[in-house]
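The structure appears right after this line, and notes come after that.
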Amino acid sequence: MQLKNFLLCITIFSFFSCNSNKENSKITETPATKDTLAVVPKNINPDAVPDISPMDMIYFPVDYPKLKMTRSVSLPPVMRVIYSRPHLQGRKLFYNLQKFGDYWRLGANEATEIQFFREVTIQTKKIKQGRYVIYCIPQQDHWTIFLNTNIDSWGLTQDNAKNIQQFIIPVNYKNSYAEYFTMNFEKTDNGATLTMAWDDAVAKLPINF
């Protein structure tokens, strides 16, 4: 009788161990490229669910609002960009998310907007003071950047009749990995460069003023 009880316990233990291993394997077999979204608990903020692509705003001069508050600047800023920052979540930019030759809003959610507080020059073309949508068509060896007057719009649908200028700029790869799509301004001798980076891709738009 004791031997039978012992064998029964061994059988039950083996059964649950196998089931546990199967469940664990189900958890770890999810492919890294699966298009999943971050899960936000519903009760964390009942009035407004946090967006998984946070909105960001960049200025030139860099950190202009802070400089203004400390009275370090007296002139208006030259330009700013407002955009939302999608992230990769295990995906590859030009494999799971974006196709070469397709329109890309350079961000997420609302159309990405660039505002110039004075006239600037991009590739010898004069750009008047004002607000513009900025988006692009990426190719493997270059990106075509567009400025468009269809401001306060959403998503990837653009009114091409409202394009005012376009610029072809080089893109390079094998840079430092960027999980979130990131834009920033870098000072140059003739103005500043708008740098756009995501995954290992980096493209730069020189702006003179």
Under 18 Å from residue 180 (Cα atoms), touching a strand residue (DSSP E or B) at 6+ places or on another chain (Cβ under 7 Å) and part of a strand (DSSP E or B): does that describe residue 132? no
So which of 64, 59, 83 ends up being aromatic (Phe, Trp, Tyr) and in contact with a Gly (Cβ under 9 Å, 6 or more places away or on another chain)? 83
Given the conditions (1) outside any strand (DSSP E or B); (2) in contact (Cβ under 8 Å) with a residue 24 or more places away in the chain; (3) more than 19 Å from residue 186 (Cα to Cα), which single one is not true for residue 76? (3)
When residues of segment 152-165 are filtered for being at pLDDT 95 or above and either surrounded by 15 or more Cβ atoms within 10 Å (Cβ to Cβ) or β-branched (Val, Ile, Thr) (or both), how many remain? 3
If you go through segment 112-124 one residue at a time, how many are of a type in the set (Val, Ile, Thr), surrounded by 15 or more Cβ atoms within 10 Å (Cβ to Cβ) and in a loop (DSSP other than H, G, I, E, B)? 1
Can you tell me which of 184, 150 is part of a loop (DSSP other than H, G, I, E, B) and either under 22 Å from residue 75 (Cα atoms) or not aliphatic (A, V, I, L, M) (or both)? 150
Taking segment 62-111 and the residues there that are surrounded by 12 or more Cβ atoms within 10 Å (Cβ to Cβ) and hydroxyl-bearing (Ser, Thr, Tyr), the one that is farthest from residue 200 (Cα to Cα) would be 64
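The values are calculated or read from the model by the stated rules, or taken from the named source; none is laboratory data. Note that the structure is predicted; figures quoted are calculated from it, not measured. Neighbour counts run over all protein chains shown; Cβ positions are idealised from the backbone, glycine included.
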